[in-house]
Amino acid sequence: MNNKKLNTFLVILVLILVVWMVKGTFMQPGVNDLKGGFKEVAHYRNENNTGPIQHVFAVTVKDTAIAEIETYGNFMPHHKGGNTKVYFFLEGDPVPENLYAGKVNFDPQFNQHCIALYEKTAMGNTSIEKAPFK
């Protein structure tokens with residue numbers, strides 16, 4: 001009788017732990033949970049899988065006062081030895097739809113509308129620059 005109660009208790013305990021772990025796995029915060037109203041407009045990734053991988057994003061922001069720009073940048077994909085850049089623009093302003101590799105990542109006509117640049121370097125260092133083209 002005691003053995004049956006112990007087995008029942010262990011089964012219930014294991015089920016509770018499994019449900020808790022599955023919930024924790026699938027309920028992780030993500031980009032959509034951040035404040036600021038972020039919307040990805042364009043993305044570039046070079047196709048060179050043997051060298052440094054570059055990710056470049058153009059993102060609009062609804063509200064810059066509460067925007068979690070650094071957290072958003074940290075959510076973006078980054079590869080060891082690669083570089084990730086996220087350009088932020090106000091919603092409603094012109095935003096580049098085509099992005100390129102290199103130092104100049106989009107048509108310079110959009111420079112005046114860029115409000116911030118998040119960059120994660122090959123060494124994993126991050127930086128945020130407000131009004132990077134002014």
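At a probe radius of 1.4 angstrom, the accessible area of the chain per residue rounds to 68 square angstrom. If you line up the long axis of helix 2-26 against the longest principal axis of the chain, both from Cα atoms, how many degrees apart are they, to the nearest 10? Orientation of helix 2-26: about 10 degrees from the principal axis. Note on exposure: H43, H55, H79, H113 ranked by accessible area (1.4 Å probe, complete protein assembly) read H43, H79, H113, H55, with the most exposed listed first.
Taking the radius of gyration and the Kirkwood hydrodynamic radius from Cα positions alone, what is the Rg/Rh ratio for the chain, to two decimal places?
Numbers: Rg = 21.5 Å, Rh = 17.3 Å.
My calculation of the ratio gives 1.25.
Rounded to the nearest 0.05, what FRET efficiency is calculated for T64 and T126 with R0 set to 22 Å and r the Cβ-Cβ distance? It comes out at approximately 0.75.
The portion of the accessible surface of the chain made up by carbon and sulfur, rounded to a whole percent, is 57 (1.4 Å probe; DNA, RNA and ligands excluded). Diffusion coefficient (Stokes-Einstein, Kirkwood radius over C-alpha pairs, 10 °C, 1.306 mPa s) for segment 66-134: 125 µm²/s, rounded to a whole number. Sorting Y87, Y100 by solvent-accessible area of protein heavy atoms yields Y100, Y87, largest first, with a 1.4 Å probe.
In terms of distances greater than 22 angstrom between alpha carbons, the cross-link table entries K39/K130; K35/K103; K35/K85 yield K35/K103.
Determine the percent antiparallel among the DSSP beta bridges restricted to the chain, to the nearest 5.
Antiparallel: roughly 70 percent of the beta bridges in the chain.
Computed with a 1.4 Å probe on the full set of protein chains, the accessible area for I115 sits at about 50 Å². The alpha carbon centroids of segment 59-78 and segment 2-33 are separated by 33 Å.
For the chain, what does the relative contact order come out to in percent, with C-alpha contacts under 8 Å and a separation of six or more? Present the calculation step by step, with values, prior to reporting the outcome.
Numbers: 221 pairs, mean separation 27.0, N = 134.
Relative contact order, the chain: 20 percent.
Counted over segment 4-62 with a bin width of 5 Å, the fraction of Cα pairs per bin, in whole percents, is 4, 13, 11, 11, 10, 11, 11, 7, 7, 6, 6, 4, 0.
The values are calculated or read from the model by the stated rules, or taken from the named source; none is laboratory data. This one's a predicted model, so the numbers in the text were calculated from it and none came from an experiment. Reconstructed Cβ throughout: ideal geometry from the backbone, glycine too, with neighbour counts over all protein chains shown. When the accessible area is computed, the model is the full protein with side chains, heavy atoms only, and any ligands, DNA or RNA have been set aside. Shrake-Rupley method; radii C 1.70, N 1.55, O 1.52, S 1.80 Å.
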